[in-house]
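Written below as structure tokens is the structure these notes are about.
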Amino acid sequence: MAQTPQEQGSETLSNLLQETRRFPPPPELAAHANVTSDAFAAASADPLSFWEEQARRLTWERSWDKVLEWNPPFAEWFGGGKLNAAVNCLDRHVEAGLGDRVAIHWEGEPGDSRAITYAQLTGMVCQAANAMTELGVSKGDRVAIYMPMIPETVVAMLACARLGAIHMVVFGGFSVDALGTRLDDSEAKLVVTADGGYRRGAPSSLKPAVDEAVRDRPAVENVLVVRRTGQEIDWSEGRDVWWHDIVDRQDTRHHAEAHDAEHPLYIMYTSGTTAKPKGILHTTGGYLTQVSYTHWAVFDLKPESDVFWTAADIGWVTGHSYIVYGPLSNGATSVMYEGTPDTPHKGRFWEIAEKYGVSLLYMAPTAIRTFMKWGEDIPAGYDLSRLRVLGSVGEPINPEAYMWYRKNIGGDRTPVVDTWWQTETGAIMVSPLPGVHSGKPGAAMQPLPGIAADVVDETGASVPNGEGGYIVVREPWPAMLRGIWGDPQRYRETYWSRFEGLYFPGDGAKRDEDGDFWLLGRVDDVMLVSGHNISTTEVESALVSHPSVAEAAVVGAADPVSGQAIVSFVILRGEVGNGGDDLVSELRSHVGASLGPIAKPRQIMVVPELPKTRSGKIMRRLLRDVAENRQLGDVSTLTDSTVMDVISAKLPNANSDE
Ligand code: 6R9
């Protein structure tokens, strides 16, 4: 018999792996933590005063008249206030005497490196702002940035912020089509790019994709090109301008105008599952307030002594908030790395962490699982003793990956903060605080102070402890998206129509017996097998907890008998070879033993790679296409579009027990 939604919700929860391990904050960290448990009570008693206090961590040219103006679903934070995001990230630190502090330790993939101080970065950003002005960019214009991970990318973003131009960074791995649709939607007039960047030990070109995308798009007036690799490129006289020709000759001073708190700062496109990508709009004052606060609070940042590293791409919102705006607004010293983790060897990340004495590290579970696959001997060869806090973002972190990260990277000593948020939320929303919470492997724990996140059932009512449902946000928050670029109706429909008056992120969650949050992935990914709700995350975690499995992706495929059947794709750990003849049946039993027989996959295929986005999220819709023998959908936002060919080619003799 069909279940009620409530029954389905709590059942999703009851399937979860039992997790009883707890890791209290290290006493030394707790004793000096930036944020203690008092913050929660203070913030919930008066959230608006709490956010005002955080806004005062920034420098405003004019203070706000009103903290929040809320006309659901449209919010205005700090209305009447004026500030410049670039000044907050740069000039004010120089004025405070920190000009000689390193802002960015940049490491190129071939081994070249640059240490850029706050004074130098300020000068570079002023020069770029002057150059963009010369190219006719002014306040409100859109500027596309299609770049490798080099300092000029940060410089270009901050130059836009300085001018009040709206930046739109497109991940350098995206296809011509993906770039083109974003140029159309944002009507960008300038594209900043490079000849190429280094990836996997070789120059990888960028300029040809821009040439192709811009060919039929006369709205783009100029292409500003950084020389990074020295590759041969085509040149369009009059349109293309070398960065070193125009930027380097500019004045290193630039007078920055203060912009309204609600002035747009950037657009970031998220692909969603179908149709046209959504241009998520972020504005200045509220965004910077929450990004700055969360970076300081969640990582317990001590800017005078910590070295922070977000090992993620700048074309992902994580790069915007925690490579650029969070660390720089806090005056932190950050590491930025251009290339891939296995070039020229699999210890590259740990070599970099050792070289710069990284103390706070932030990365995605997909990277952690890759390191698990390569084996613990690799990080064991480096001195990682400076690390104090490890962060995770982008997907639910499987308990197994959490334990591996904590033990092999964190020396069994560092807290792991599993941070839940989205492009749309702009900044971290749910996360443990390293000096407050006893971490649970796989749990995002609690909404941060000032954030009214909740777990609700189908009707929008809070679920009691011990039950599952949907994560929602009940009150506006400073870094929330202000809309979808050019499409207010889609903004309402996508985020505000599922539950009356509540923001709906689209993720499933459970609240455990202690009231702590566990994120279960996208609601669209929840499978309905013989009338039972099973989350893909849980089956994946069960598979990853088997010693032979490094990564797993699970989808529900149409099945004549059970409605949906569970189909799994697994990547094996390096040391197990092909895993042996009995591997598939062994894995099925392993899942059955962890989660119950209903969760046993119908099919398990061993694959060499999985299709992923720039942030390492598995594109399950493509795997569903494969599992249901359909033509593949849009692959333009895959980091590596050849992966699907490899998987499809494997299918006829797939390692299945069917
Ligand atoms: C920051 C970012 C957002 C989606 C989000 C959720 C998933 C992110 C997570 C997580 C479980 C975490 N997600 N962090 N799921 N635990 N700690 O990733 O933004 O690329 O927009 O993706 O990522 O499904 O809804 P974005």
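The values are calculated or read from the model by the stated rules, or taken from the named source; none is laboratory data. What you see is a predicted model; the values in this text were computed from it and never measured. As a convention, Cβ positions derive from the backbone with ideal geometry for all residues, glycine included, and neighbour counts pool all protein chains shown. Side chains included, ligands, DNA and RNA excluded: accessible areas come from the protein's heavy atoms. Shrake-Rupley method; radii C 1.70, N 1.55, O 1.52, S 1.80 Å.
Data overview
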| item | result |
| --- | --- |
| Scan of segment 513-544 for residues that are part of a loop (DSSP other than H, G, I, E, B), surrounded by 18 or more Cβ atoms within 10 Å (Cβ to Cβ) and at pLDDT 95 or above, ordered by number | Asp516 |
| Selected residue (only one of Gly426, Gly508 is crowded, with 20+ Cβ neighbours inside 10 Å, touching a residue at least 40 places away in the same chain (Cβ under 8 Å), not aliphatic (A, V, I, L, M) and not assigned by TED's automatic domain parsing to the domain that holds Glu395) | Gly508 |
| Qualifying residue in segment 270-287 (condition: more than 16 Å from the ligand (Cβ to nearest atom), open to solvent by less than 10 Å² (accessible area, probe 1.4 Å) and under 30 Å from Gly111 (Cα atoms)) | no |
| Candidates Glu395, Glu493 - the one that is in the same structural domain as Asp38 (by TED's automatic domain parsing), open to solvent by 10 Å² or more (accessible area, probe 1.4 Å), outside any strand (DSSP E or B) and among the charged types (D, E, K, R) | Glu395 |
| So Thr366, is it assigned by TED's automatic domain parsing to the domain that holds Arg56, more than 16 Å from the ligand (Cβ to nearest atom), open to solvent by 10 Å² or more (accessible area, probe 1.4 Å) and among the hydroxyl-bearing types (Ser, Thr, Tyr) | no |
| Among (1) out of contact with any strand residue (DSSP E or B) (no Cβ under 8 Å at 6 or more places or on another chain); (2) part of a loop (DSSP other than H, G, I, E, B); (3) in contact (Cβ under 8 Å) with a residue 12 or more places away in the chain - the single one Glu212 does not satisfy | (2) |
| Identity of the residue in segment 417-444, in a loop (DSSP other than H, G, I, E, B), in contact with a helix residue (DSSP H, G or I) (Cβ under 6 Å, 6 or more places away or on another chain) and within 11 Å of the ligand (Cβ to nearest atom), that ends up modelled with the lowest pLDDT | Gly442 |
| Selection from segment 271-290 of residues that are in a strand (DSSP E or B) and modelled with pLDDT under 95 | Lys278 |
| Exclusive hit being open to solvent by less than 10 Å² (accessible area, probe 1.4 Å) and out of contact with any Gly (no Cβ under 6 Å at 6 or more places or on another chain), set Val192, Val241, Val176 | Val192 |
| Test for Thr613: is it hydroxyl-bearing (Ser, Thr, Tyr) and buried (at least 18 other Cβ atoms within 10 Å of the Cβ) | yes |
| Elements of type helices (runs of 4 or more DSSP H) in segment 556-658, at least 2 residues being within 17 Å of Leu543 (Cα to Cα) and away from the ligand (no atom under 16 Å from the Cβ) | 583-595 |
| Within segment 17-123, helices (runs of 4 or more DSSP H) holding 2 or more residues that are open to solvent by 40 Å² or more (accessible area, probe 1.4 Å) | 27-31, 38-45, 47-55 |
| Where a residue in segment 108-130 is modelled with pLDDT of 95 or more and its partner, wherever it lies, is open to solvent by 30 Å² or more (accessible area, probe 1.4 Å) and aromatic (Phe, Trp, Tyr), with Cβ under 6 Å and at least six apart | Glu109/Tyr198; Pro110/Tyr198 |
| Filter result for Ser535 (in contact with a helix residue (DSSP H, G or I) (Cβ under 6 Å, 6 or more places away or on another chain), polar (S, T, N, Q) and within 16 Å of the ligand (Cβ to nearest atom)) | yes |
| Matching residues in segment 291-344 - criterion: being part of a loop (DSSP other than H, G, I, E, B), farther than 19 Å from Gly172 by Cβ and of a type in the set (A, V, I, L, M) | Leu301, Ala332 |
| Top-ranked residue of segment 619-638 - restricted to ones that are among the polar types (S, T, N, Q) and surrounded by fewer than 18 Cβ atoms within 10 Å (Cβ to Cβ), ranked as modelled with the lowest pLDDT | Ser636 |
| Complete set of residues in segment 158-205 that are in a loop (DSSP other than H, G, I, E, B), in contact (Cβ under 8 Å) with a residue 40 or more places away in the chain and on the phi < 0 side of the Ramachandran plot | Val170, Phe171, Gly172, Gly173, Phe174, Ser175, Ala188, Lys189 |
| Filter pass, Glu400 being open to solvent by 10 Å² or more (accessible area, probe 1.4 Å), in a helix (DSSP H, G or I), charged (D, E, K, R) and within 30 Å of Gly508 (Cβ to Cβ) | yes |
